[in-house]
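Before any comments, here is the structure.
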Amino acid sequence: MPLQTKTLQSIRVRISAVIVTGSVCGALIFEFAWVPRLTELIVNAQSREIRREAEILSDGILPYLLSNQIGAAYETLSVVENRYDNWVAVTLYDAEGQVLYPLEDRQPETGQYHVTETAMIAFEGRDLGRLSVVADIEPEILRLRNEVWRIVSAGLGVLALILLGIAFVVDRLFIRRLIQVAHAADELAVGNYELSLPKGDDEIGQLAHRFESMRIRIQDQTDSLREARARAEVALEARSRFLATVSHEIRTPLNGIIPAAELLSDTPLDAAQRQKVDIILTSGKALTTIVDDILDVSMFENGKLVLRDAPFSPAEICADAFEILRANAEAKGLALIKDCTVPADLICRGDANRLRQILINLLGNAVKFTKEGSVSFAGSATETSDDRARLVFEVTDTGIGIETVALPRIFQRFEQADGSMTRRFGGSGLGLSIVKSLVDAMGGTVSVQSVLGVGSTFRVEVELDVTSAPVKHAEEATPEPALIGAGRSALIVDDNEINLTVAAAMLARLGFDVETADTGEAALAKTRNRTFDIIFMDMHMPEMDGLIATRHIRNGPGLNTATKIVALTASVQAEDMEKCRAAGMDTLLAKPLRIDTLQAFLSG
Ligand code: ADP
């Protein structure tokens, strides 16, 4: 229940508590303070009354005592004594204090409320005796007390009723309306703008009025925020689509350039020609990395990053990353030191490719930003009790280091510690942001320690599940690549002529008997009459795309309903993977196709 409503309800409770406490206090004050005083007043009044009556009686018997008619005095006294119910004893003493009446001995009467009053009997200065009257005033006290109690109870009752009435009015006029405002605030908090607010010209009415103005302002602001967000989402979507399209468009020619250069470098070339082919290859690969990074970033922005969850060996990943960077480090004359204590038999579940990408990025930066000295790569694993392994990787270099002020921003997109470095060292400023996004997605941490001019240490920590499942090696190179396709037939389908030619040349080089098709329809025609061992299918083609063509091939008629079909696409995204599987494709390869990737894939 919301806080405000609780507070307002407690006002009701408080008012009720005040009424009850007031009534109880009133009753207690009456009982303990007023009743003793009342009793005292009643006793005094009763005493006065009895004295007065004793005096009247003594006046009445004076003539009898003067004329010595003691019998008549006795009679008068006994008549009077009997007439008063509350008189307990009447005693007449002579001047010497001897008891004249009553004649018999009586036990002295005692009681809490017995009052004794004495009247002197004298005539012309002569003391004739005294008359003592003892009366029990308890019944009178009780009667009067009860009477007063009734009046006080009725008074308290009436007071309580009045207070309850006031409470009811306060509740109606204020509390309910305040609760209504509180409910309206709750509704507003959950985004409901249809509010029921109290009316009126008093302070609560004004509060409701201001609340209503606030509601209108909040609604307006929320609406404009929603619109802005929708616009931003559309813009982001458009930007991602643009990035994906541009990357696709860049990848397509790269798909031609890199494999063609690779094929060319396998042919006899003189030194100058080889140098130029190497330049084409290096530049093409650098461009592929940038395009891949841009695609990754757009994937993170759209929340489309899906990490694989498959068994892999972290030790192998360390070795892979290290080997990939070895040539670069050696070319720069750097010492590349590896200190990996991750056990070779440790198998974890996770995304091996993404972990490799993280390590390659960090090692790549270390090599890039170090002119002389060394780059060290340390990896360790500690198994935790709950079948998880904590993997820690550290890449340390003796490079240019990073200024302390720049450290917080190097993990942000397009940020570089020093803008002038782009020209000196190259780079897009995306690498570390991708590392951070990937490590975050794995639930790990990445941190850096660096001293300008001395060097940097990047540290990645991730925790992964340990498993005993075997690792599937999809990309193991075979010692005899040329034989992979020998005696096997392959169909390659691509609407882009360059891609088609290059892929066909690569497959032919691997020993395949290759046929090509430049449309989905042409592919269907070819698969109808000939059985292939493998089909490479471009996903994006005009008219009949790869997905539709695959469905047709799978559903028949034709000779390739069970043939392995590999999707070729420039944008390898999780959703593409799903689409390919749903269409009946077996797996997916990223363009541009490279002969070593193709070789590794085919031998897997
Ligand atoms: P890029 O390397 O493409 O510029 P990164 O996101 O990988 O982008 O790195 C961001 C910036 O962090 C780099 O431009 C560089 O200023 C700094 N940086 C990263 N790694 C190192 C390193 N090992 N030594 C020095 N500076 C580094």
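List every residue pair whose Cβ atoms lie under 7 Å apart, where the two residues are 6 or more positions apart in sequence or sit on different chains, the first residue falls within segment 67-87 and is over 19 Å from residue 99 (Cβ atoms), and the second residue, located anywhere, is part of a helix (DSSP H, G or I).
Close Cβ pairs (under 7 Å, with a partner that is part of a helix (DSSP H, G or I)) amount to 86/139; 86/140.
Among 358, 290, 279, 317, which is the only one that is under 30 Å from residue 249 (Cα atoms) and more than 16 Å from the ligand (Cβ to nearest atom)? Please lay out each step first, then the result.
On the way: 358 fails: more than 16 Å from the ligand (Cβ to nearest atom); 290 fails: more than 16 Å from the ligand (Cβ to nearest atom); 317 fails: under 30 Å from residue 249 (Cα atoms).
Only one candidate qualifies: 279.
Which is more than 15 Å from residue 132 (Cβ to Cβ), surrounded by fewer than 13 Cβ atoms within 10 Å (Cβ to Cβ) and at pLDDT 90 or above, of 52, 48?
Among 52, 48, only 48 is more than 15 Å from residue 132 (Cβ to Cβ), surrounded by fewer than 13 Cβ atoms within 10 Å (Cβ to Cβ) and at pLDDT 90 or above.
State which residue pairs qualify: first residue farther than 11 Å from residue 488 by Cα and inside segment 508-523, second residue in a strand (DSSP E or B) in any location, beta carbons under 6 Å apart, and separation of 6 or more residues or different chains.
Going by the 6 Å Cβ cut-off, the qualifying pairs are 515/491; 516/492; 517/493; 523/493; 523/517.
Checking the structure you have, find out if any residue of segment 339-350 is closer than 26 Å to residue 433 by Cβ and part of a helix (DSSP H, G or I).
No, there is no match, as no residue in segment 339-350 is closer than 26 Å to residue 433 by Cβ and part of a helix (DSSP H, G or I).
Listed residues 117, 104; which is closer than 18 Å to residue 58 by Cβ and among the acidic types (Asp, Glu)?
One residue alone meets the criteria, 117.
Pick from segment 382-412 the residues that are assigned to a loop (DSSP other than H, G, I, E, B) and more than 7 Å from the ligand (Cβ to nearest atom): which of them is farthest from residue 317 (Cα to Cα)?
Step one: filter segment 382-412 for residues assigned to a loop (DSSP other than H, G, I, E, B), giving 385-387, 398-403, 410-412.
Among the residues that remain, those that are also more than 7 Å from the ligand (Cβ to nearest atom) are: 385-387, 398, 403, 411-412.
Details: 385: 24, 386: 23, 387: 20, 398: 24, 403: 31, 411: 23, 412: 26 Å.
My answer is 403.
Considering only segment 520-543, I want to know if a residue exists there that is part of a loop (DSSP other than H, G, I, E, B), modelled with pLDDT of 85 or more and of a type in the set (D, E, K, R).
yes
Confirm whether residue 150 is of a type in the set (Lys, Arg), surrounded by fewer than 14 Cβ atoms within 10 Å (Cβ to Cβ) and under 30 Å from residue 40 (Cα atoms).
Criteria met by residue 150.
Would you please list the contacts, defined by Cβ atoms under 6 Å and residues six or more apart or on different chains, that run from a residue in segment 399-421 that is at pLDDT below 70 to a residue that is more than 6 Å from the ligand (Cβ to nearest atom) and of a type in the set (Lys, Arg)?
415/409
Filter segment 318-338 for residues that are touching a Ser or Thr at 6+ places or on another chain (Cβ under 7 Å) and assigned to a loop (DSSP other than H, G, I, E, B) and give the result.
Passing the criteria: only 334.
So, in segment 585-604, how many residues would count as being closer than 14 Å to residue 506 by Cα, out of contact with any Pro (no Cβ under 6 Å at 6 or more places or on another chain) and assigned to a helix (DSSP H, G or I)?
Going through segment 585-604 one residue at a time, the tally reaches 7.
Within segment 365-381, restricting attention to residues that are within 17 Å of residue 327 (Cβ to Cβ) and either more than 8 Å from the ligand (Cβ to nearest atom) or among the hydrophobic types (A, V, I, L, M, F, W, C) (or both), which residue is farthest from the chain's Cα centre (by Cα)? Before the answer, list the steps.
Our first condition is that a residue be within 17 Å of residue 327 (Cβ to Cβ); within segment 365-381, this holds for 365-368, 370, 374-375, 377.
Keeping just the survivors that are either more than 8 Å from the ligand (Cβ to nearest atom) or among the hydrophobic types (A, V, I, L, M, F, W, C) (or both) gives 366-367, 374-375, 377.
Numbers: 366: 38, 367: 42, 374: 45, 375: 42, 377: 38 Å.
This residue is 374.
Which pairs do you get when a residue that is on the phi > 0 side of the Ramachandran plot, found in segment 452-469, comes within reach of a residue that is within 16 Å of the ligand (Cβ to nearest atom) and part of a loop (DSSP other than H, G, I, E, B), reach meaning Cβ atoms under 8 angstrom, with the pair 6+ apart or on two chains?
As it stands, the answer is 453/400; 453/401; 455/370; 455/373; 455/398; 455/399; 455/401, since those pairs meet every condition given.
The values are calculated or read from the model by the stated rules, or taken from the named source; none is laboratory data. Just so it is clear, the model here is predicted, and its values are computed rather than measured. Virtual Cβ from ideal backbone geometry, glycine too; neighbours counted across all protein chains shown.
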